[in-house]
Amino acid sequence: MLGLFALALAAVLGRAVWLSAVPNEQLSAALRRQQQATVKLNPRRGRIQDRAGRDLAVSVTVPSVFADPQFLVETGGDPVDVAARLAPLLDLPAADLAKALRAPGRFVWLARQVPTDVATAIEELRLPGVRVTDEFERRYPNGTLAGQVLGFTGTDGAGLEGLEKRFDSRLRGREERHTVLRDGKRRNITPEGVAVTREVQGDDLVLTLDRNIQFAAEQALAEAVTKWEARAGLVVVMDVQTGAVLAQATAPPMDPNYFARYDRSTWRDMSLSFNYESGSVLKAFLISSALEAGVVTPDTRFDCELGAYRFGRRTIHDSHPYGVLDVREILKVSSNIGTTKVAERLGAEAVWSWYRAWGFGQPTGIDLPGESGGILRHWKSWYPIDLATHAFGQGVSVTGLQIAAALSAVANGGRLMRPYIVQEVRSPDGSVVERTEPTEVRRVISPGTAAEMRGMMAGVMEEGGTGTLARLDDYTAAGKTGTAQKVNPETGRYQFWVSSFVGFAPVEDPRVAIVVTLDEPRRHHYGGTVAGPVFRAVGRQALTTLDVDPLPDRMARLPVNTPAPAGPAAPPSSPALAGAGSGSGTAAAAGELPPAVMPDLRGASLREALRRLAGVQARIDLEGSGVLTEQHPAPGARLAGISSVRLAFAPPAPPPPPSAPGGGLGSAPVAAPGAAAAPAATPGRVGSPGAHRREGDLP
Amino acid sequence: MNLVPRGVDRALLLSVVSLVVLGVTMVYSAGGIYAADLHGDRLFFLQRQALFAGVGLAGMAVVARIPYQAYRRWTYPALGLVAVLLLAVLAFGTSAGGATRWLPLGPFQLQPSELAKPVLLVYLAYSLEKKQELIETFAVGILPHLVVVGTILALILVEPDFGTTMTIAAILFAMMFVAGTRPRHLLALGAVGAPAAYFVLMGAEYRRKRMMAFWDPWADREGTGYQLIQSWLSFHGGGVTGLGLGNGLQKLHFLPAAHTDFIFAVIGEELGLAGVALVLGLFGTLVYRGARCASFAPDLFGRLLGTGITFMIGLQACFNMGVVTGMLPTKGLTLPFVSYGGSSLVFGLAMVGVLLNISAQASRRSATTKRESEARADHPDPEPVGA
């Protein structure tokens, strides 16, 4: 009997050896199959943040309910019963759920992206084969803010528009696959017995965009679009030194949280996809080119033909008749005839190649998708009239972003920077993976020319210029209006308008370039009137946000008796001087020679008085506020050798309406006391609206 | 006080205690996760098994001091008690896994069929000894035992508990054989019993399926073959050295009954072939020493009882390990001293206590014999023999 027993034990041992120690692919495979599972860790999409780290796009986890129908079958569960218990929680018909639960296979969605309390309630039911998992949902906490810049993702999490599209692979991150152990109830476990919970993330984007400036831009733009009944509009705010986009607004707005509710046309970022003939805005670049080429100087005078100039077989008109104007005045009043004559000195080929140099006719290369390059036809295909139209901005299509970049070049001393909007790509642990360094595309004009242009463009904001409504009060600014005609695609005729105001500020030490364009405003179309106030609102917000000292503070800190080889007024925080440091005379001098004799400043505002004394090598003492009532020395006195200038201000007695709304461009500023003292040779009525009628029809 | 009575078989004792310690450990390892899921307490099975082990070992120590001859008197009352308890199970027992085998007893449950084992062993030893003169006759030597044991087995079979029934039936044959029944009678009995067993076996659908499963578990790997395949996978995963104590994966809801009937597979997975060999060695020692003790028993009752106990333990262990390794059809038998289960452990240890008493008496007798023979030579005044 003991022998039998020994035999039995030996049999068991033999069997155990066969099972344990002998290779057996059938058993090994079965073991692997049941104990190991591949777990896909879907990465959480990276955040998009503004320059201050404020969230613009985030991904949140949202629970979703799914079922393992096969598990339900294996455990003998009743689909009808399970469905009946789920139906009230999910608010879905029990019949549909039962049908889903009877589907073949191991996975079927029951309800995606359900409220958390519903998910918890379902988990607590512990229904066989019914589970809850976390999915990611993209949220844009600021609603419409920068909607077109951010773009959006589809339901499968892929970026479809904007930054979401352009940086999709970055934001999305890498899906991780892990082999984990699985238990008999098909739950995943790590060897330590803990479920895999590690989160995988995509990279974060930190933009150059500033939420506050963006908000101000969208707000002001929306108001203007509503007020002037425009079809659409755009605002670009750019850091002139780097080309970094601080704001890029499109109207009408689009909330990427609910992108599907919006018309597809509102998904596009106008600033880089909207090609338009910008009109007189381009005069600034044409004149800059002519100055740089040396074919004119600011003082070169042209006969503006009293408003009608025969050019080939066509006649070019100005909105107001002018006699002889120098280049500075041509820009200030935006004379088509004068600009055409400047262009004639350059010639078609030069105009074309200069425009190319400014970046027109080609994409800027910003790190956003869908950018248009505009349309700049080769000069060889030009008709003779095209030289004139190109000079004042018709027949050539540009984008707001191109204008902003070119404007920045004027402002920063002549360097065309490549615009960018993504400052950094950061990995989930916060380390910087990629950082965008400012890139100079090319030097377009010399610092000296740029300084001259800044002064001339500052003149546009003066009384008699077209940009008075765009003034920033506490900051100096330079700008240019543009009121272009637009072809109605239905009729093929110039019937609509595109109104723009572009500029930069402060003049002494430019920080931001701002482009404002409204497409098809119906109630009014002068660029200064329609777009100027937007420039004003956005500019003030931008400079405040960037901590640029307002004018009185700057003046109070003016150094005494400084020889001022460069601008004396640069705030210490500003990096601009270093950037434009090649002695360009960046700042206050602003292109105009300092006056030799004391001008009559009575009635002038503080800002205007200071501007007109710019470059004077004397200490300036300020008293009071309002308009200038007293000055020392008296008008006409020689300034050479004078060590101090005293200016006293007092509130003006009759309330002057310099910014009276609705007053039209030309008339309101005329009433301002400063108008009489304006040094410009133009008569008081010359508030050019910047409107330019195209002569005849162009092919 | 000396826990271990003088003269007991220390190898036997050591092997049993080792099995119990291994059992408590493995019950925790194999059942912790299941316990946590079932009762919200990983320690649920461990605490209870440790308690059963304590009670069982204490009981064993007590039983080892009781002269086994005393049980003769209690044979029939005990049989009656077992019959009543088994009837009570049928009347209001609690069920698990499709079988009704337990009587609720406060926080615990009594499994009367485990009590039936020692009682029937005592009965058979007592009765076969008493009828020793007429053992070769069918009417006296066989029939009464068949009737008594058969009655009890019928009650167990209807629970149903086929494994226990088969084990006890086998013991019946073995003890009758040892007691000197004519092999002819036993063969005839087998010729009648085997077909009966076969019909019982194949008559019930679930048993037939289990039979088929044992033959080819892969044919229905998600159904009847599932448990056996999981058991094989446990051994295969463990290899020679095992995954280490507590590191088994099959107990994670793959291997059903990991802490009870299939604990041997968990040993194979966590302790490897080495653990398997250890268990086999312990049972080998237990059976060898038990059989040796029985053979040295001072009387036929002791010899029969000791043999029955040893054989019962050994047989059940072999059945269990045969099932777990897939050499026998699944019967629902636990691995003695190792599997989770209070009744099995307590009554099993009590039986070992009887065995130890037998061994103590045997060693004292042989010591006495030895001393007597020596005394005859050297010491004229030997001590009187105890018991």
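The values are calculated or read from the model by the stated rules, or taken from the named source; none is laboratory data. Remember, it's a predicted structure, so these values are computed and weren't measured experimentally. With ideal geometry, Cβ positions are generated from the backbone for all residues, glycine too; neighbour counts draw on all protein chains shown. These accessible areas exclude ligands, DNA and RNA; they are computed on the full protein's heavy atoms, side chains included. Shrake-Rupley method; radii C 1.70, N 1.55, O 1.52, S 1.80 Å.
Quick look at the numbers
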| read-out | value |
| --- | --- |
| Residues (in contact with a helix residue (DSSP H, G or I) (Cβ under 8 Å, 6 or more places away or on another chain) and part of a strand (DSSP E or B)) located in region B:105-153 | B:108, B:109, B:110 |
| Qualifying position, being in the same structural domain as residue A:463 (by TED's automatic domain parsing) and closer than 23 Å to residue A:309 by Cβ, among A:341, A:380 | A:341 |
| Of all residues in region B:292-306 being open to solvent by 30 Å² or more (accessible area, probe 1.4 Å) and within 12 Å of another protein chain (Cβ to nearest Cβ), the one that is farthest from the chain's Cα centre (by Cα) | B:295 |
| Restricting region A:19-57 to residues that are facing another protein chain (nearest Cβ under 10 Å) and farther than 22 Å from residue B:251 by Cβ, the residue that is most open to solvent (accessible area, probe 1.4 Å) | A:23 |
| Qualifying residue in region B:230-250 (condition: modelled with pLDDT under 90, open to solvent by 20 Å² or more (accessible area, probe 1.4 Å) and touching a strand residue (DSSP E or B) at 6+ places or on another chain (Cβ under 9 Å)) | yes |
| Filter result (open to solvent by less than 20 Å² (accessible area, probe 1.4 Å) and either within 13 Å of chain A (Cβ to nearest Cβ) or free of Cβ contacts under 8 Å to residues at least 60 places away in the same chain (or both)) within region B:209-220 | B:217 |
| Residue within region B:275-285 that is within 11 Å of chain A (Cβ to nearest Cβ) and more than 21 Å from residue A:2 (Cβ to Cβ) present | yes |
| Subset tally (residues that are more than 14 Å from chain A (Cβ to nearest Cβ) and either of a type in the set (Asp, Glu) or surrounded by fewer than 18 Cβ atoms within 10 Å (Cβ to Cβ) (or both)) for region B:170-182 | 2 |
| Output for region B:221-271, where each listed residue is in contact with a helix residue (DSSP H, G or I) (Cβ under 7 Å, 6 or more places away or on another chain), more than 8 Å from chain A (Cβ to nearest Cβ) and assigned to a helix (DSSP H, G or I) | B:228, B:231, B:234, B:263, B:264, B:265, B:266, B:267, B:269, B:270 |
| Residue A:533 being modelled with pLDDT of 90 or more and part of a loop (DSSP other than H, G, I, E, B) | no |
| Count of residues meeting criterion [surrounded by fewer than 20 Cβ atoms within 10 Å (Cβ to Cβ), small (Gly, Ala, Ser) and at pLDDT 90 or above] in region A:536-563 | 0 |
| Single residue of B:38, B:57, B:81, B:90 found to be open to solvent by less than 70 Å² (accessible area, probe 1.4 Å) and either part of a helix (DSSP H, G or I) or not hydrophobic (A, V, I, L, M, F, W, C) (or both) | B:57 |
| Matching residues, region A:218-268, being assigned to a loop (DSSP other than H, G, I, E, B), open to solvent by less than 30 Å² (accessible area, probe 1.4 Å) and closer than 13 Å to residue A:147 by Cβ | A:254, A:255 |
| Verdict on residue A:641 being more than 39 Å from the chain's Cα centre (by Cα) and either at pLDDT below 70 or not basic (Lys, Arg) (or both) | yes |
| Any hit, region B:251-262, residues being touching a strand residue (DSSP E or B) at 6+ places or on another chain (Cβ under 9 Å), more than 18 Å from residue B:16 (Cβ to Cβ) and touching a residue at least 60 places away in the same chain (Cβ under 8 Å) | yes |
| Neighbours by Cβ (under 7 Å, 6+ apart or cross-chain): first from region B:268-281, farther than 12 Å from residue B:19 by Cα; second hydroxyl-bearing (Ser, Thr, Tyr) and in a helix (DSSP H, G or I) | B:268/A:20; B:268/B:234; B:269/B:234; B:270/B:29; B:272/A:20; B:273/A:20 |
| Complete set of residues in region A:280-310 that are within 26 Å of residue A:374 (Cα to Cα) and in contact with a helix residue (DSSP H, G or I) (Cβ under 7 Å, 6 or more places away or on another chain) | A:281, A:283, A:284, A:285, A:286, A:287, A:288, A:289, A:290, A:291, A:292, A:293 |
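For (1) touching a residue at least 12 places away in the same chain (Cβ under 8 Å); (2) assigned to a loop (DSSP other than H, G, I, E, B); (3) crowded, with 18+ Cβ neighbours inside 10 Å, each residue gets a yes or a no:
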residue: A:302; (1), (2), (3): yes, no, yes
residue: A:310; (1), (2), (3): no, no, no
residue: A:319; (1), (2), (3): yes, yes, yes
residue: A:330; (1), (2), (3): yes, no, yes
residue: A:337; (1), (2), (3): yes, no, yes
residue: A:345; (1), (2), (3): yes, no, no
residue: A:349; (1), (2), (3): yes, no, no
residue: A:361; (1), (2), (3): yes, yes, yes
residue: A:364; (1), (2), (3): yes, yes, yes
